[in-house]
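This report concerns only the one structure given below.
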Amino acid sequence: MALSLRKTSDRGSVGLSIDGRFLAAAHVDGSKVVRAASVELPAGLVTDGEVVDPDGLAQAIKAFAADADLPKNVRVGVTNQQIVVRVIDLPPIENEKEREAAVRFQAAEAIAMPLDEAVLDHQVAGYGQAPDGSRRMQVVLVAARRSMIEKLLQAVKGAGLKPEGIDLDAFALVRTLVRGGSDDEQTARVLCHLGGVTNLAVAVGTTCFFTRPLSAVFDDEDAGARVADEIRLSIDYYMTQPQAKPVGEVILSGPGSRDEELVESLAVHLGLPVSVAAPLGVLDGSALTPSEDPHRYTVAAGLAIGAAA
């Protein structure tokens, strides 16, 4: 535990990352992380990114919020197998209601869960041309199982906090590590966050086009080979999406990225350039104390950035 999260002004936003191994919160004001705090999370409350004990997690968050002097309003992240991100290809539709109807219609085929059990969101990622020359619209579709989201909200609200928004950890990861990039890049990059959940995102510029949590963990035996296999399979699946761009590099973050042997192993197994990101990307983390591990705050910072995105 380090700095208090209580705001000294009304500026900025606080992101709360509920990692399977720890809780982390970061207050971002502009381009600077001005407050941060983290604490170990007891086992059995969150498994593979899913809340399995909402009441127990609520108590853990409540204690953390009190010790860190956390403000009530937070932005919360989530990542687990109950989330689907897909890219769908549509003709350009400018009318928002008509576009939502078209996306929902396509979602029935694109996601493997009943629509009445899912929370849906979408964002227009860009425009391109079909082989026949017609203009097409790329839409990133996000679907999350409603029951999973409700358990997360139950825990956060049970801790006495007010969630201003729920965001994907993958989107937060891209915001922190690729902030200010260009969306017209010709290659994609894989961002792999090695935390309580090994979370993978594929982004082109600042837009995330694919994400999934990996079952392999970074500190298992033969972790390099296992994680590399799952990264490779994820890349293969991403490449089946409309107008997918080839992956040019892999960027690692999270506590596991400090393992130099793992980084070298991944590079060997993947045959791609593998690098370790600055934990807070382009954000200024000088307010953190030397005892704090900035690798814990990559996602929390990106969640806070999302308030202004």
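Quick look at the numbers
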read-out	value
Test: residue in the range 135-151 that is touching a Lys or Arg at 6+ places or on another chain (Cβ under 6 Å) and closer than 27 Å to Gln106 by Cα	yes
Residue among Arg21, Arg75 that is modelled with pLDDT of 95 or more, closer than 25 Å to Phe210 by Cα and not aliphatic (A, V, I, L, M)	Arg75
Matching entry among Gly49, Gly30 (being loosely packed, with under 14 Cβ neighbours inside 10 Å and either over 30 Å from Ser134 (Cα atoms) or in contact with a Lys or Arg (Cβ under 9 Å, 6 or more places away or on another chain) (or both))	Gly30
Ala112 crowded, with 17+ Cβ neighbours inside 10 Å and either farther than 21 Å from Arg135 by Cα or not assigned by TED's automatic domain parsing to the domain that holds Asp236 (or both)	no
Cross-chain or 6+ apart pairs with Cβ under 8 Å, the range 35-54 first and within 18 Å of Pro255 (Cβ to Cβ) and without any contact (Cβ under 8 Å) to a residue 24 or more places away in the chain, then of a type in the set (Lys, Arg) and surrounded by fewer than 21 Cβ atoms within 10 Å (Cβ to Cβ)	Glu40/Arg21
Given (1) touching a Gly at 6+ places or on another chain (Cβ under 7 Å); (2) under 29 Å from Thr47 (Cβ atoms); (3) outside the structural domain of Val28 (by TED's automatic domain parsing), index of the condition Arg136 fails	(2)
Filter pass, Val197 being among the β-branched types (Val, Ile, Thr), buried (at least 21 other Cβ atoms within 10 Å of the Cβ), modelled with pLDDT under 95 and under 14 Å from the mean Cα position of the chain (by Cα)	yes
Residue match in the range 207-224 (condition: over 30 Å from Arg136 (Cα atoms) and either in a helix (DSSP H, G or I) or at pLDDT 95 or above (or both))	yes
Qualifying residue in the range 297-309 (condition: more than 15 Å from the chain's Cα centre (by Cα) and more than 27 Å from Ile166 (Cβ to Cβ))	no
Residue selected from the range 218-252 under the condition in contact (Cβ under 8 Å) with a residue 24 or more places away in the chain and of a type in the set (Val, Ile, Thr), by the criterion farthest from Gln129 (Cα to Cα)	Val227
Single unsatisfied condition, Ser38 versus (1) modelled with pLDDT under 95; (2) surrounded by 18 or more Cβ atoms within 10 Å (Cβ to Cβ); (3) part of a strand (DSSP E or B); (4) not basic (Lys, Arg)	(1)
Matching residues in the range 125-163 - criterion: being surrounded by fewer than 15 Cβ atoms within 10 Å (Cβ to Cβ), at pLDDT 90 or above and in a strand (DSSP E or B)	Arg135, Lys162
Residue that is surrounded by the most Cβ atoms within 10 Å (Cβ to Cβ) [pool: residues in the range 273-309 that are free of Cβ contacts under 8 Å to residues at least 60 places away in the same chain and in a strand (DSSP E or B)]	Val274
Some residue of the range 65-82 being part of a helix (DSSP H, G or I) and surrounded by 21 or more Cβ atoms within 10 Å (Cβ to Cβ)	yes
Any hit, the range 253-268, residues being assigned to a helix (DSSP H, G or I), touching a residue at least 12 places away in the same chain (Cβ under 8 Å), over 22 Å from Arg86 (Cβ atoms) and outside the structural domain of Asn199 (by TED's automatic domain parsing)	no
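The values are calculated or read from the model by the stated rules, or taken from the named source; none is laboratory data. Because the structure is predicted, anything quoted here is derived from the model rather than measured. When we count neighbours, we look across all protein chains shown, and the Cβ atoms used for this are built from the backbone with ideal geometry, even at glycine.
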